[in-house]
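Asks: Can you keep this structure in mind? I'll have questions shortly.
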Amino acid sequence: MIRMSRLTDYAIVLLAHLARSEGTLTAQELSARSRIPQPTVSKLAKALSRAGLVLSTRGRRGGYGLARSAEAINVAEIVEALEGPIGFTDCSTPGQPACGIEHVCPAKANWDPVTRAVHGALANLSLAALAPYRAGTPQPPEPPPVRLGVNAT
């Protein structure tokens, strides 16, 4: 199965909370809002800060805020900040060395477009699209539950 790590998922959740907030939030506030343990929030905030996605402000009124608007941050950047370059195989991941069979591999040519398509889809998805509701605005209604495997007769 291909999936991103739980930490990357949590990073997206934290950034969505920052996008919805007005101003900065402390690690404690982010933890309370997201239900993610505070040590994990702090660890992720540092990684996101190193990647240039989050600004950290020290002091009494300090906390974390987005380094750019939510519209200017895309999901590919977030994933790459925590996971590294996006690629399905080593040979289709930018910056990875070639493997020993790359010159005779019949599948390599097929993985490159898949990797580009996934990267493009994530790059075209902004943080704003994941967190469209800002503080003070009504939250969307809960979607109806999806029932799988049930015939509607």
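Asks: Within segment 75-92, how many residues are within 19 Å of residue 51 (Cβ to Cβ) and surrounded by 15 or more Cβ atoms within 10 Å (Cβ to Cβ)?
Replies: Matching residues across segment 75-92 total 10.
Asks: Inside segment 61-110, can you point out the residues that are of a type in the set (S, T, N, Q) and part of a helix (DSSP H, G or I)?
Replies: 92, 110
Asks: In addition: Specify which of the listed residues (7, 44, 66) is within 20 Å of residue 124 (Cα to Cα) and modelled with pLDDT of 95 or more.
Replies: 66
Asks: Just a yes or no: is a residue in segment 51-71 surrounded by 16 or more Cβ atoms within 10 Å (Cβ to Cβ), closer than 16 Å to residue 5 by Cβ and touching a Ser or Thr at 6+ places or on another chain (Cβ under 7 Å)?
Replies: no
Asks: Follow-up question, since we're still on this one. List the number of the failed condition for residue 60; all other conditions in (1) at pLDDT below 95; (2) under 28 Å from residue 121 (Cβ atoms) hold.
Replies: Answer for residue 60: the failing condition is (2).
The values are calculated or read from the model by the stated rules, or taken from the named source; none is laboratory data. Model, not experiment: these values are computed from the prediction. Glycine gets a Cβ as well: all are built from the backbone with ideal geometry, and neighbour counts include every protein chain shown.
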